[in-house]
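Bear in mind that the values in this text are calculations on the coordinates, not laboratory data. Quantities reported herein were computed from a predicted structural model and do not represent experimental measurements. So basically every Cβ, Gly included, is an ideal-geometry build from the backbone, and we count neighbours across all protein chains shown.
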């Protein structure tokens, strides 16, 4: 109960902290702000932090540039406190609006591109270029807050693999399909794996028929559990790219689902 | 105690439970609901369809399964199906998965009482 009320208080405090930070920033001298703008972002974390702050403070459409030693490395279109477009070396980062429709996935794609750019170009400086034409904030935009979550290297960790690592010790067997075509299996009990393979065959038509699934099924990461036999539970987890089918003792199912929920819930905060 | 009272009671006894719904899994209809906030009928019907798909998969693998759990980053949906041979189902939407055993037990008790009363 106490945990719940503390969590509630923290959630209530968050807008207050954000407002206080915004007010403090407004009172900064213009010289301090100019110095901050001129500062080089030495690594990916600094770059994403700096960009997130700039995006969060930009309401009207603007073009921003990231400058390296050799010139303009990237151009960003920002509006309504969102990153709308990112172009690196004159090539637009394309987001699949159908497949990657949630803000978290969009932010992850932009952050991954910025991470690659930062590693390749070295220190980068942010510069405001000009006003941008009025652009609608569609499903390929992400907020500054979503982008800021990807400032650390650990935020790029594959969450499905993080979940597998957590639940592997209590598993009675699993099959893992990676989005890049890898297929791994852990089969300490041949009978269990045989049952999981039967389940895999049943799931095949669903996997090939994503378009006909309900809105809830397509809305992002999901994990289901049900009985595989009298003593075993099947767990089917996917993040939209990777998929895991695993078997666990019935007694472990609450712990396994809690693990999944923690891995994916934390990724959204 | 009415069915609505029982659903309210179940929702209050499970920590972090925001919705308890009694429905018919064969038709996908949510018949009675107790919720701490407004849930659209579309949402209720979609999660029942989700439960039905998972129970169907489980039925292909084994017999007598009465529990399906579906987790998303935002919530954990716990579905308990009647073991009395009818299509009654109770759905609980919770904040975490830690309450699965308690929900399974309480919901099955509720379904048994409903089936005896019918």
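Stretch residue A:25-residue A:39 to full length: gain in nm at 0.36 nm per residue minus the Cα-Cα span?
Details: separation 14, 0.36 × 14 = 5.04 nm, distance 1.66 nm.
Full extension from residue A:25 to residue A:39 adds 3.4 nm.
Fewest first, what order do B:80, A:129 take by the number of other Cβ atoms within 10 Å? Don't jump to the answer; show the numbers that get you there.
Working: B:80 25, A:129 13.
Going from least to most buried by this count: A:129, B:80.
Compute the whole-percent fraction of alpha carbon pairs in chain B spaced more than 26 Å apart. Write down the numbers at each step before the final one.
Working: 651 of 6903 pairs.
Counting every Cα pair in chain B, those more than 26 Å apart make up 9 percent.
Can you pull the three principal axis extents for the Cα set of the range A:24-89, in Å, largest first?
Taking the Cα atoms of the range A:24-89, the three principal extents are 36, 27, 19 Å.
What distance in nm lies between label points placed 7 Å from Cα along the C-beta direction at residue A:96 and residue A:70?
3.0 nm
Add -39500 (n - 2.57) for each DSSP H run of 4 or more in the protein assembly as shown, then divide by its residues: what number comes out at 222 nm, to the nearest 500 deg cm²/dmol? Working shown, then result.
Numbers: 11 runs with 164 residues, N = 387.
Computed mean residue ellipticity for the protein assembly as shown: -14000 deg cm²/dmol.
With Kirkwood's inverse mean 1/r over C-alpha pairs for Rh, give me the Rg to Rh ratio of the protein assembly as shown, two decimals please. Mind showing how you got there, number by number?
Numbers: Rg = 24.3 Å, Rh = 23.4 Å.
Taking Rg over the Kirkwood Rh, I get 1.04.
List the extent of the Cα atoms of the range B:1-56 along each of their three principal axes, largest first, rounded to whole Å.
Largest to smallest, the principal-axis extents are 29, 22, 19 Å.
Enter the mean number of other protein chain beta carbons within 10 Å of the beta carbon of each residue in A:191-198, as an integer. List each step's numbers first, then the result.
Working: counts 0, 0, 0, 0, 2, 1, 0, 2.
Per residue, the average neighbour count from other chains is 1.
How far is the Cα center of the range B:29-58 from the Cα center of the range A:44-96, in Å?
Between the Cα centre of the range B:29-58 and that of the range A:44-96, the gap is 41 Å.
Using a Förster distance of 51 angstrom, determine the FRET efficiency expected from the C-beta separation of residue B:49 and residue A:194, and round it to 0.05.
Working: r = 29 Å, r/R0 = 0.57.
With R0 = 51 Å, the Cβ-Cβ based efficiency is 0.95.
Could you give log10 I(q)/I(0) at q = 0.30 Å⁻¹ for the range B:42-106, computed by the Debye formula over C-alpha point scatterers of equal weight, without solvent?
-1.45
Would the range A:48-130 count as rounded, prolate or oblate if I go by the C-alpha gyration tensor, calling it rounded below 1.5 in a/c and otherwise prolate when a/b exceeds b/c, oblate otherwise? Can you show the working numbers first?
Numbers: a/c = 1.74, a/b = 1.22, b/c = 1.43.
Here the range A:48-130 falls in the oblate category.
So how much slack lies between residue A:187 and residue A:131, counting 0.36 nm per residue of separation and subtracting their Cα-Cα distance, in nm?
Values: separation 56, 0.36 × 56 = 20.16 nm, distance 5.83 nm.
The residue A:187-residue A:131 span can extend by a further 14.3 nm.
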